[in-house]
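> This is the structure I want to talk about, given as structure tokens.
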Amino acid sequence: MSKTLTNLTIAEARDGLAAKEFSAVELTEAHNDAVVAARDLNAFVSETPGLALDAAKASDVRRASGDVLGSMDGVPIAMKDLFCTEGVQSTAGSHMLEGFVPAYESTVSKNLKDAGSVMLGKANMDEFAMGSSTENSYYGNTINPWKASSGPDAGSDLVPGGSSGGSASAVATRLCLGATGTDTGGSIRQPASFSGIVGLKPTYGRCSRWGIVAFASSLDQAGPMTRTVRDSAIMLGSMAGHDPKDSTSAPVETPNFESAMGLGVKGLRIGIPKEYTAEGMPQEISDLWQLGADWLREAGAEIVDVSLPHTKYALPTYYIVAPAEASSNLARYDGVRYGLRVEGDSLDDMYMNTRAAGFGEEVQRRILIGTYVLSAGYYDAYYVKAQQVRTRIAGDFKSVFEDVDVLLAPTAPSPAFAMNAQLDPVSMYLNDIFTVPASLAGLPGISVPAGLSEHGLPLGLQLIAKPFDELTLLRAAETIEQSAGFELPVFSGGEG
Amino acid sequence: MTYRIVGETGEWEVVIGLEVHAQVVSNSKLFSGASTEFGGAPNTHVSLVDAAMPGMLPVVNEKCIEQAVRTGLGLKAKINNYSVFARKNYFYADLPQSYQISQFDKPIVGAGVVILDMPDGTTREIGIERLHLEQDAGKSMHDQDPKRTFVDLNRSGVALMEIVSDPDMRSPEEAGIYVRKIRSIVRYLETCDGNMEQGSMRADVNVSVRKVGSTELNTRCEIKNVNSVRFVMQAIEAEAQRQVELVESGGEVEQQTRQFDPSKGETKAMRSKEFAHDYRYFPDPDLLPIEFSEEYVEAIKATLPELPDEKKQRYMSEYGLSAYDAGVLVVDRETGHYYEAVLGKNRDPKLAANWVISNLFGALKAESKSIEESPVSAEQLGQLLDLIADDTISGKIAKDVFEKMIASGDDPAVIVEKEGLKQITDTGAIEAAVDDVIANSPEQVAQFQGGNEKIAGWFVGQIMKATQGKANPGMVNKMLKEKLG
């Protein structure tokens, strides 16, 4: 073997498996070992090494008989614990669902399974996908493999971002070749940026939401988290597809996303939205953004300054819409049918005891916010107004996309921060400031690692494209990736 | 017929609006593939969606949309080509999602009208405010265990149409007729089976009272889940009476949700306004708005059956039936079918109506049978009418034959033959009987000749008796007249 198996990309693993350089079982065993070796990062809520080996064996059998299912066949991945997986505990990072073993498989995880991929375990996450640091998991926080080389956080444990922090940390630490994430307001892109990996949030409706524990139905979208842009293209191809079981799943064809690789950006018009700056944002992020624009220009794209005037309202809008939907979506966790139940003297007591014990602080906070904004007397002022603003935000994008093909912006206003660094909820919410606008508009977005902060931490650049135009998004992302020449270190503990 | 409550301070009028919940006829639930069949073992018709398992999503059953549109057309209502499902949030053990998917400000059907046929032959128009689709909840069973409540989710997610009337009714009777009319319409349309005893149709009854002459709408109480026409009427009476007594004794009607207790004949408070839920309605983000074209509505319209109002008009204009008879015959689609089958090609419509209404309905009622279960088929009743028409039997004998048909299910001709009931039309035989009676009744003959013409009836009776009722009554009359002068 020319390269350590855990250091491979999905594309390399595919080619190696095809060339019979190694087997899926060998590839899986290397990753099972890596998962065990990196337990101190707490990237997984549940490890499923046995199931993974069974799947790998089946993959090898298929390959031996020439029935390879595709690029993902035999590829070890991590599954965010928000996806319901048949026969495997699915917690959503919550005490509420501790011990909950679904009798069904989410569409996306089933698609991946049907494509032959090998699930290594369930990745840790902020409870019910609410958070930007994976500190809100009932199963303990996940640690980012990166360490600051200097500065106040040097040597401290850093957060991997969130909510898909377990997935991000696992991919960055090379515990898996790719991982599923879900993105409601930035939960794929922000942890990808914090962890030095690629995170792709597809167009709303590209991937089925069926079987994914719901946070905010109008925003939730599954996507791949990988080490390369090409890998995201490959993995998305196995996740996406119209699903009649999800009314909001789009009846569109799934293109061969990998076909976008190598096309470059020549002739594309790239918009630079002037509103994507935040108070106190480090200069290095602005500089990187400028650098990104230069790379794209050098690669033949035309750079255009654009304006998305309602951007500043995106965050408050998001923090009304998402909690409103969440307050209703999470109402089903009532202790009656499954999950946690804490008995009480009456039905109401049982509800209160169960939900007080089952939900963590941030989840309770958002349920309260959501309940408030939907209440009689407040609904028009908050929820209705937020929906109106949401329409305006989508309108901003629609009009700039008449002129440009892709937008370039920072992914997050900061690099990864230390654990327990952001104690007040609003400063935590500010992590999403650059990711929520595309979420509200349902647009595809991708974070590509583009450089390092002055303290040696990864920084991502975000690209946003038109609805269902992931192909163009991937073209621009690959250009950034190539120009940045970003090298993901091999972290100790993850070496297989 | 004006309904008034006579109180101590004067006469009161009752104002009634109804929300009828009608279960949609469909094989599967509103948002899942689970069966809607009635009476399965608990929790056997429950999908992952109905149980609100994590990550499960609703997908609308198009059949239910079609049924709602169909019903809207039957209610002569505005069909909304764009409508939205909304979540109504509240916690209860038999509501697995802790929200009911319903429709709020954008229902699938808007304003319409229902015509009530009053017993005096007049009609009343009751406005329909809207019809919307919503999910039913499951069932909590508190009587299965001393400590615990059991939940059956078989009904959870079953599609209901909530048909909301304007506050246009003014008496318990009107409300009863309204519910029956709605039931009749949905049964004609086959959009709801209307079986109130199985819970496929139930009503929330809104009641308020006001002094006669007032046009204000006063605070109302809502009596929830009333499950028979009789109880709807009783609940209104009891509630209106309660409100009048309350107001007259210096109290104030409080907006409340109440329950009717049929055994006590009274309503009792469930929860008052301050404990009313804030349902926090908002558009369900799991579902797209329901949109359809005018062509879709037209296509459904083209399949509508003749509805009771139109059928009634036709019976009156084409068959010359009275408003009352026509109204009675069209209440059920099956009755209309039966009647028209009895009518066949050219039987007498009024005679047929009389036989169906007076004789058949009476017999069915006595045997507690529906018209579909009638032991006498429409064809057989038609044959009976033919036997009367061609003088094979008299109308009186026909009633006996009909009774025997009900009992045996035999064809009328078979019964007439077997029992020898064929009418005597032989002049000789009738003459002999007439002569015989006259000969044996000198006293009565004298009375008749003395001017007592009423006694003619007595003679007829005697002759019929002598012929076991088989003599043709027309011939007997004619002959008597000749013989007695």
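All of the numbers you see were taken from the coordinates with simple rules; none came from a lab. Predicted, not measured: the structure shown is a model, and the values here were computed from it. Neighbour counts are summed over all protein chains in view; Cβ atoms, including those assigned to glycine, are modelled from backbone coordinates with ideal geometry.
> Which distance in Å, rounded to a whole number, links the C-alpha centroids of the stretch A:298-359 and the stretch A:199-215?
For the stretch A:298-359 versus the stretch A:199-215, the Cα centre distance is 15 Å.
> List the trypsin sites (Lys or Arg not before Pro) in the stretch B:107-149 that DSSP assigns to loop (not H, G, I, E or B) and whose Cβ has at most 12 other Cβ atoms within 10 Å. Which are they?
Values: sites: B:Arg124, B:Arg130, B:Lys139, B:Lys147, B:Arg148; in loops: B:Lys147, B:Arg148.
Those that pass, being in a loop and sparsely packed, are B:Lys147, B:Arg148.
> Further question: If you take the square roots of the eigenvalues of the alpha-carbon gyration tensor of chain B and sort them as a ≥ b ≥ c, do you get rounded (a/c under 1.5), prolate (a/b over b/c) or oblate? The partial results should precede the final answer.
Working: a/c = 2.68, a/b = 2.01, b/c = 1.33.
Cα axes put chain B in the prolate bin.
> Provide Rg and Dmax in Å for the stretch B:132-182, with only Cα atoms included in the calculation.
That works out to 16.6, 44 Å for Rg and Dmax.
> Ignoring the sites themselves, what is the longest stretch of chain A with no GluC sites (Glu not before Pro) in a DSSP loop and at most 10 other beta-carbon atoms within 10 Å? Write out the running numbers ahead of the final one.
Values: sites that count: A:Glu253, A:Glu279, A:Glu343, A:Glu402, A:Glu487.
Segment A:1-252 is the longest.
> Only sites in a loop by DSSP and with at most 11 other Cβ atoms within 10 Å count here; which trypsin sites (Lys or Arg not before Pro) in the stretch B:372-461 make the cut?
Values: sites: B:Lys396, B:Lys399, B:Lys404, B:Lys418, B:Lys422, B:Lys454; in loops: B:Lys422, B:Lys454.
Sparse-neighbourhood loop trypsin sites (Lys or Arg not before Pro): B:Lys454.
> From largest to smallest, what semi-axes in whole angstrom does the stretch B:319-419 give when each is the square root of 5 times an eigenvalue of its alpha carbon gyration tensor? Mind dumping the intermediate values first?
Working: eigenvalues 87, 52, 24 Å².
In descending order, the three semi-axes are 21, 16, 11 Å.
> Calculate the all-directions average of the projected area of the stretch A:119-167's alpha-carbon convex hull, and give it in nm².
Numbers: hull surface 14.9 nm².
Taking a quarter of the hull surface, the average projection is 3.7 nm².
> Helix-only estimate, please: 222 nm mean residue ellipticity of chain A, summing -39500 (n - 2.57) across DSSP H runs of length 4 or more and dividing by its residues, to the nearest 500. Don't skip to the end; give the middle numbers.
On the way: 15 runs with 173 residues, N = 496.
Helices in chain A give a 222 nm mean residue ellipticity of -10500 deg cm²/dmol.
> Same structure, new question: How big is the convex hull of the Cα atoms of the stretch A:331-435, per residue, in Å³? Before the final figure, lay out the partial values.
On the way: hull volume 18.1 nm³, N = 105.
Considering the Cα atoms of the stretch A:331-435, their hull volume per residue is 173 Å³.
> Still on this structure: Given q = 0.20, 0.21 Å⁻¹, what are the Debye log10 I(q)/I(0) values for the stretch A:46-190, with equal point scatterers placed on the Cα positions and solvent ignored?
Reported log10 I(q)/I(0), two decimals: -1.14, -1.22.
> In whole angstrom, how far apart do the alpha carbon centroids of the stretch A:415-442 and the stretch A:391-409 sit?
When both Cα centres are located, 22 Å separates them.
> What Kirkwood radius, in Å to one decimal, follows from the Cα pairs of the stretch B:427-484? Working shown, then result.
Values: mean 1/r = 0.0900 Å⁻¹.
Radius from the Kirkwood sum: 11.1 Å.
> Using alpha carbons only, what's the Rg to Rh ratio of the stretch B:62-200 with Rh from Kirkwood?
Values: Rg = 17.0 Å, Rh = 16.5 Å.
Ratio of gyration radius to Kirkwood radius for the stretch B:62-200: 1.03.
> May I have the convex hull volume per residue, in Å³, for the Cα set of the stretch A:388-433? Don't jump to the answer; show the numbers that get you there.
Numbers: hull volume 3.5 nm³, N = 46.
Each residue corresponds to 77 Å³ of Cα convex hull volume.
> A follow-up question, please. Restricting the calculation to Cα positions, tell me the Rg (one decimal) and the Dmax (whole number) of chain A in Å.
21.1, 70
> Now a separate question. Short version: what are the Cα gyration tensor semi-axes of the protein assembly as shown, square root of 5 times each eigenvalue, largest first, in whole Å? Write down the numbers at each step before the final one.
Details: eigenvalues 1187, 186, 122 Å².
Each semi-axis is the square root of five times an eigenvalue, giving 77, 31, 25 Å.
> Please compute the average number of Cβ atoms from other chains found within 10 Å of each residue's Cβ in peptide A:328-341. List each step's numbers first, then the result.
On the way: counts 11, 8, 2, 11, 11, 3, 8, 1, 11, 7, 5, 1, 0, 0.
Mean inter-chain Cβ contacts per residue within 10 Å come to 6.
> Evaluate the relative contact order of chain B (contact order divided by residue number), counting alpha-carbon pairs under 8 angstrom at least 6 apart; express in whole percent. Walk me through the numbers before you get to the answer.
Details: 885 pairs, mean separation 67.2, N = 485.
For chain B, the relative contact order is 14 percent.
> Before anything else, pin down the relative contact order of chain A: Cα pairs under 8 Å, at least 6 apart, normalised by residue count, whole percent. Write out the running numbers ahead of the final one.
Numbers: 1256 pairs, mean separation 91.1, N = 496.
Once divided by the residue count of chain A, the mean separation gives 18 percent.
> Report, please, the projected area of the stretch B:181-330 averaged over directions, based on the convex hull of its C-alpha atoms, in nm².
On the way: hull surface 58.7 nm².
Taking a quarter of the hull surface, the average projection is 14.7 nm².
> Next question. Express the relative contact order of the stretch B:427-484 as a whole percentage, based on alpha carbon pairs under 8 Å and six or more residues apart in sequence.
On the way: 37 pairs, mean separation 24.3, N = 58.
42 percent.
> Hey, got a sec? Which GluC sites (Glu not before Pro) in the stretch B:200-305 land in a DSSP loop and have at most 11 other Cβ atoms within 10 Å? The partial results should precede the final answer.
Values: sites: B:Glu216, B:Glu222, B:Glu237, B:Glu239, B:Glu245, B:Glu248, B:Glu252, B:Glu254, B:Glu266, B:Glu274, B:Glu291, B:Glu294, B:Glu295, B:Glu298; in loops: B:Glu216, B:Glu252, B:Glu254.
Listed in order of number, the matching sites are B:Glu216, B:Glu252.
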